[in-house]
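*Asks:* Dumping the structure here so I can ask a few things about it.
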Amino acid sequence: MIAPRLLLILAITLSLALGGVMLGDITFAQTATEAARSDGNAFGRQKASDAQSDAVTPPDATRLPNFGGVPPQSAYFDNPDQMAGASAAQATSHQGYQAVQNSQNTRATFDAQQLKDAVARGKAVAADPNQFASGMSGSTGNCVPLPPSVQSPGRYTATCNTGFTIDQSPQSCRVPLAVSITSQTSYTYYAEVGSNTGFMPILQDFQAGLAGGTCTDTGRADMCQVVRAYGLTPNNKCSQYRADIIVCTAPIAAPSGAVFPATGQFWFGTSSTSSAVTAPDQTACAGLNADPQCNTPVEICTDASPPTRIVNGVSVTAPCWAWDRTYQCARTAAAQDCSTLDADTSCRLVGETCITDTLPCLTTERVYDCALPAQPTGAQQYICDGNIYCINGECETITREANTEFTDAVVALNAIKQARGELDPNSLTLFKGERGTCSSKVFGVLNCCKGKGFPLIPGISLLVALGCDSQEVLLHQRDAQGLCTYVGTYCSNKVLGICVTKRKAYCCYESRLTRIIQEQGRPQLGKAWASPKTEQCAGFTLDEFSQLDLSVMDFSEVYAEFTDAVRVPDELATLTDIQQKIENFYAQYSN
């Protein structure tokens, strides 16, 4: 608002331009001055009261002049192009159109030199107003800073976890090579082939042993050799016969009627052989092998030299004599990652949710409401109170008050504009959101759900390389811009009943204003968010939106979007700028 003193200066300038009347010749009637001042004060107070009342009064159709339910202009809703033709048809007969046309034809014109003289006199008055404003004086009262344009930088939702986690710990065991030595005694017999010499069993006496695998026919020998082996003297007939050499693993009973030689034994001789059997001894790893939470082990030979060793007098060769096995086994361990949020004084705990659907709960998500860091505001503005102006010895204090409802009124108007742009004609709903989800490791490093409250990670490829898909990257960016509302979390992957991966659900909107209306409008309607698994971010019906009370909503987060461009002008700078524009405008026509 331009101060009364400057208004008087402009009035003096205009008077000089139109008639050259000298300021000293002006006389002020005492009664007229008092009446004008009283009338002006009353008029200003009434308009200020009306403006404040309108700013806090909810919209009411009955308060709109000539409102009759369905306006005739509704016909343009489905055919907006029709407005152009209708306006053109009525333009020539419309009173406003005619007033504009007549003003162009009848407006006053001024001589260029006269305008230059008026501007020069105005500059002289502006340079030293006290020289011309005889009997008028003023003093400046106290100036106080106006509230900053951004009262709140906004808030964001942060989460952490408490409960249990799965610890993938390595488990090891040793597998030695077990060697067992077995000894076997063999019994050798001679079985006569052909005519019985009278003291040896014949081959058929060994048929049962041969069939059972306990005896083996290893070859033939000359009967004369056999006779000599038993210590007997061969006769001239022994060369006519042969004997089979039978080796058995157990003694064979002497056949009935057999005549033994002078040695008195049925078998001819015995021999012993030793053999080695090797196998890995897995006794130490039996428990890990049976544990379903341990994966396939990695086995490394740790004892391979020397490859040949003597075991119980027997030489044994093996490529490896012992192995070390390493398993990765899942183990349950207590964990929590809430220390940082607990220590942050700008965050407050607002709720806890079990995300494992178990009793007792194994993993709990804690939800915090945190303040965003303060952002720098624009240039500081002031309002000056108690300015005193005196005319003819009478002084009056001019009181100025800041309109605290201005920001709310501006935001409310933008909310109506936003509603018009976001109306879904098919469902007749407003402010519908878009569902988005992102994954996060419980007690893990990978988190694709940082979003609001955290700086944007540059480059989509980096997040994708970390395991986040393109939709999660987009959600991260939109949430960081303040467009998304956190709905809740649900578990997407469990091990041993413990949640190891969770998904966070969000509803994202076209603007921060829409998000705030959804967040603060739902509690007014008792319209809670659905389960994080099923929430589809539905908008408000027209009836629901009509029930919202925007005056009680906190829009401080978006004040700056609508008020930064509305700055209180500097009065003297504005006057100087006006004078310069007038001079430039008329100077262009004087040449």
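*Asks:* Taking a ≥ b ≥ c as the square roots of the eigenvalues of the Cα gyration tensor of the stretch 269-365, is the shape rounded (a/c under 1.5), prolate (a/b larger than b/c) or oblate?
*Replies:* Numbers: a/c = 7.57, a/b = 3.62, b/c = 2.09.
Prolate is the answer for the stretch 269-365, as a/c is 1.5 or above and a/b outweighs b/c.
*Asks:* Take the residue pairs Lys417/Lys533; Lys450/Lys502; Lys494/Lys533; Lys417/Lys581; Lys432/Lys533; Lys452/Lys502 and return only those whose Cα atoms are more than 25 Å apart.
*Replies:* Check vs 25 Å cut-off fails for Lys417/Lys533; Lys417/Lys581.
*Asks:* In terms of the Cα gyration tensor, with a ≥ b ≥ c the square roots of its eigenvalues, is the stretch 284-331 rounded because a/c is under 1.5, prolate because a/b exceeds b/c, or oblate? Spell out each step's value before the answer.
*Replies:* On the way: a/c = 5.12, a/b = 2.72, b/c = 1.88.
Prolate shape, in that a/c is at least 1.5 and a/b is the bigger ratio.
*Asks:* How big is the dipole moment of the stretch 269-381 about its Cα centre under a simple scheme where the beta carbon of each Lys and Arg is +1, that of each Asp and Glu is -1, and everything else is neutral? Debye, nearest 20, please. Please list the in-between numbers first.
*Replies:* Working: 5 positive and 12 negative charges, 87 e Å.
That gives the stretch 269-381 a dipole magnitude of about 420 debye.
We did not get these values from a lab; they are worked out from the coordinates using the rules stated. Computed from a prediction, not measured in an experiment: that's the story for all the values here. In this analysis, Cβ positions are derived from the backbone assuming ideal geometry, glycine residues included, and neighbour counts consider all displayed protein chains.
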